[in-house]
Amino acid sequence: MFEHLKTLPQDPILGLMKTFREDPRSNKVDLGVGVYRDEAGATPIMAAVQQAQQRLLETETTKAYIGPAGAEGFNHLIGQLLLGAGHPALNDGRVNVVQTPGGCGALRMAAEFLKLCKPDTTVWVSTPTWANHIPLLGGAGLSIREYPYLDKATLSVDFDAMMACLEQADAGDVVLLHGCCHNPSGADLDADQWTAITDLVERKGLLPFIDIAYQGLGEGLEQDALGVRLMAERLPEVIVASSCSKNFGLYRERTGALMLISANAAQGQAATSQLLSAIRSHYSMPPSHGAAVVEMILDTPELMQQWQNELNGMCTRILELRSALSRALGPAGDFSFIERQRGMFSFLGISPQQVQSLRDEFGIYMLDSSRINIAGLSTATLPRVAEALKEVAGRAE
Ligand code: LMR
């Protein structure tokens, strides 16, 4: 059975992690995979998480099955975190949340759910988008179409092109949007653009599917959820995939959620029953630990405060690194967009050859697309990265 199988190339993001690990140079810098790093280059366990884990250890009474929807308390609190307590969709009973194995689990189960709704569903994704979006959604059998998102000259959102393209979408098509901190570009929609896209989606009968994996790491917990909240209030149906990997630092605990906003409570109940049946036939139920930690934090005022302080610190540090990198690159080319972009990532807009030179000559790792993880920089490494980048960017191609 196995003899015809060919070895596949490495995953573009996870493969780079391995190549970086194997590089013996002591001054190497990892700007590849999207994990938050502190000044020392470490990805520590957040203090709020450590405390919640300690409390869990003392109070947890069972390891019995948790069920396909995961923990009810977690689901309720994630709904509030995404929408804000008292959001009209919550008050109207239009919101159902299920716990998933990470944001990837949420994305994949949303795709499986969409296939149940309409087997020939088309999903429009931004160009560029996160490298795993297309495998996750296309792998479930959905048709993928792309809409332009990034103006390559200015590395900002090409909103006119995006809107013009989405005019071609048919009623019932799904539009995948990044809730904040667009991955890979860091170029986010502003409030007016969220309003305009909500108008378009409403007028054309499209279904928005928002992936929000970085809430709190762009401008703050509330500001980053602006698009999700607006759409959930104005539109009858919205799908939201969220992740606790980055904002709780729970990467390996695989903690995420899938939220269905439905036209009314009865439709929400039917839709959720379909989703839960799909979950049962895929992985049966999600792992418990990460969600139990998140629930403990969100449900305990002092842990919530501690977590928000830590998250705000991470967000501020990323914004400071953005300004510092943009300043250090100075007149070497226009890199001012780095300061305007939000979240962990920026696209540098340099060629794959220049990316390769940075890797080979300087030990500076980024994705071939020139996406860098800003949070992988530190005040110690930033000057060397900026110098190398200036040198490579200044070479004739
Ligand atoms: C990234 O984009 O680097 C992260 O979301 C990690 C991943 O799984 O790709």
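In the stretch 99-112, is there at least one residue being closer than 18 Å to residue 261 by Cα, out of contact with any helix residue (DSSP H, G or I) (no Cβ under 9 Å at 6 or more places or on another chain) and within 16 Å of the ligand (Cβ to nearest atom)? Yes.
Beta carbons closer than 7 Å, at least 6 apart along the sequence or on distinct chains, pair a first residue in the stretch 111-132 that is in contact (Cβ under 8 Å) with a residue 60 or more places away in the chain with a second that is of a type in the set (S, T, N, Q) for 113/274; 114/121; 116/274; 128/185; 128/369; 130/183. I'm trying to understand the selection: among the residues of the stretch 1-16, which are surrounded by 10 or more Cβ atoms within 10 Å (Cβ to Cβ) and in a loop (DSSP other than H, G, I, E, B)? Within the stretch 1-16, 10, 11, 12, 13 qualify. Each residue in the stretch 252-298 was checked for being among the charged types (D, E, K, R) and buried (at least 20 other Cβ atoms within 10 Å of the Cβ), and 3 pass. Would you be able to say whether some residue in the stretch 219-232 is touching an Asp or Glu at 6+ places or on another chain (Cβ under 6 Å) and in the same structural domain as residue 106 (by TED's automatic domain parsing)? Checked the stretch 219-232: no residue is touching an Asp or Glu at 6+ places or on another chain (Cβ under 6 Å) and in the same structural domain as residue 106 (by TED's automatic domain parsing).
Only residues that are of a type in the set (Gly, Ala, Ser), under 14 Å from the mean Cα position of the chain (by Cα) and crowded, with 22+ Cβ neighbours inside 10 Å: list them for the stretch 228-251, please. 241, 242, 243, 245, listed by residue number.
Exactly one residue out of 322, 280 is of a type in the set (D, E, K, R) and closer than 30 Å to residue 115 by Cα, and it is 280.
Per this entry, residue 339 is not counted among residues that are charged (D, E, K, R) and more than 21 Å from the chain's Cα centre (by Cα). The set of residues from the stretch 130-144 being closer than 23 Å to residue 343 by Cα and in contact with a strand residue (DSSP E or B) (Cβ under 7 Å, 6 or more places away or on another chain) comprises 133, 134.
Elements of the type helices (runs of 4 or more DSSP H) sitting completely within the stretch 306-397 and holding at least 2 residues that are among the hydrophobic types (A, V, I, L, M, F, W, C), away from the ligand (no atom under 16 Å from the Cβ) and modelled with pLDDT under 95: these cover 337-340, 382-394. Figure legend. Inter-residue proximity from the stretch 365-383: first residues among the aromatic types (Phe, Trp, Tyr), second residues within 12 Å of the ligand (Cβ to nearest atom), beta-carbon distance below 7 Å, spacing 6+ or different chains. Indicated pairs: 365/16; 365/30; 365/31; 365/32.
Evaluated against (1) within 23 Å of residue 215 (Cα to Cα); (2) surrounded by 21 or more Cβ atoms within 10 Å (Cβ to Cβ), residue 319 falls short on exactly one condition, (2).
For the stretch 267-285, the criterion of being within 16 Å of the ligand (Cβ to nearest atom), more than 28 Å from residue 200 (Cβ to Cβ) and in contact with a Gly (Cβ under 8 Å, 6 or more places away or on another chain) is met by no residue. In the stretch 30-44, the count of residues that are part of a helix (DSSP H, G or I) and either away from the ligand (no atom under 16 Å from the Cβ) or over 30 Å from residue 295 (Cα atoms) (or both) is zero. Scanning the stretch 253-267 for residues that are closer than 17 Å to residue 70 by Cα and assigned to a helix (DSSP H, G or I) yields a single hit, 253. For the stretch 1-29, what are the residues that are within 15 Å of the ligand (Cβ to nearest atom), closer than 16 Å to residue 355 by Cα and touching a residue at least 60 places away in the same chain (Cβ under 8 Å)? Correct list: 12, 13, 16, 19, 20. One residue alone among 262, 273, 277 is within 16 Å of residue 96 (Cβ to Cβ), within 23 Å of the chain's Cα centre (by Cα) and modelled with pLDDT of 95 or more, and that residue is 262.
The values are calculated or read from the model by the stated rules, or taken from the named source; none is laboratory data. These numbers were taken from a predicted model, which means no experiment stands behind them. In this analysis, Cβ positions are derived from the backbone assuming ideal geometry, glycine residues included, and neighbour counts consider all displayed protein chains.
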